[in-house]
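S.K.: Next up is a structure, given as structure tokens.
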Amino acid sequence: MMNCRWTVSGLLVVSVLVVSVFLAADGHPESVRASVSKPRITAQPVEASMHEFMEYVFEPPYKRLRTAMASPPDNAGWKAIKSDALILAEAGNLLLLRHPEKDEASWREHSSAVRELGKTFYLAARKKDYVVAKTSYAVMLGKCNSCHDRFADGEHQLKP
């Protein structure tokens, strides 16, 4: 009976030690922990191609807004406009993650302006103020076109 107690006690101590070592390794055996990569915590672009980025981030909301802003919307229309306005405003932040080959100061100014004009557009849409929304949308597109003039040789001009 005494040997059984010592055996159980010994197994318990060994088990505690194994669990302690396992937890000290962040819950992963060394072979698994070495193969798990830690995610990068900094913001960084996913798509390197500016053309791809613009085509799949900016173009879809722009095309939907071009139709939606043609006349005063109903409640469902306002919801869609708010969504797309917010997407474009936040996408201005994404532009700031990218670095052009030339004139980064101008790039940052245009990107920040798109973000701020998109925010004004979004806030007007939240209030369902068609006149202010339409105006801020047009001004934002003007800033987009100004950026396209500077960085895309005038291509890709947008129309409200």
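S.K.: Of all residues in segment 107-136, which are touching a residue at least 40 places away in the same chain (Cβ under 8 Å) and under 19 Å from the mean Cα position of the chain (by Cα)?
M.R.: Answer for segment 107-136, where residues must be touching a residue at least 40 places away in the same chain (Cβ under 8 Å) and under 19 Å from the mean Cα position of the chain (by Cα): Trp107, His110, Tyr122.
S.K.: Oh, and also: Scan segment 47-75 residue by residue and report those that are part of a helix (DSSP H, G or I) and acidic (Asp, Glu).
M.R.: Answer for segment 47-75, where residues must be part of a helix (DSSP H, G or I) and acidic (Asp, Glu): Glu52, Glu55, Glu59.
S.K.: Got a number for residues in segment 89-119 being more than 18 Å from Ala48 (Cα to Cα) and among the polar types (S, T, N, Q)?
M.R.: Going through segment 89-119 one residue at a time, the tally reaches 2.
S.K.: On to the next question. Restricting the search to segment 113-150, which residues are out of contact with any helix residue (DSSP H, G or I) (no Cβ under 7 Å at 6 or more places or on another chain) and either part of a helix (DSSP H, G or I) or among the polar types (S, T, N, Q) (or both)?
M.R.: Listed by number, the residues that qualify are Glu116, Leu123, Tyr130, Val131, Lys134, Thr135, Ala138, Leu141, Gly142, Asn145, His148, Asp149.
S.K.: Further question on the same structure: Looking at (1) part of a helix (DSSP H, G or I); (2) of a type outside the set (Ser, Thr, Tyr); (3) in contact (Cβ under 8 Å) with a residue 24 or more places away in the chain; (4) closer than 21 Å to Glu155 by Cβ, which is the one condition that is false for Trp78?
M.R.: Unmet for Trp78, out of (1) part of a helix (DSSP H, G or I); (2) of a type outside the set (Ser, Thr, Tyr); (3) in contact (Cβ under 8 Å) with a residue 24 or more places away in the chain; (4) closer than 21 Å to Glu155 by Cβ: (4).
S.K.: Of all residues in segment 39-75, how many are of a type in the set (A, V, I, L, M, F, W, C), surrounded by fewer than 10 Cβ atoms within 10 Å (Cβ to Cβ) and in contact (Cβ under 8 Å) with a residue 40 or more places away in the chain?
M.R.: Going through segment 39-75 one residue at a time, the tally reaches 1.
Laboratory data are not the source of any read-out in this text; all were calculated from the coordinates shown. None of the values given here were measured: they were computed from a predicted structure. Because the Cβ atoms are built from the backbone with ideal geometry, glycine has one as well, and the counts that use them run over all protein chains shown.
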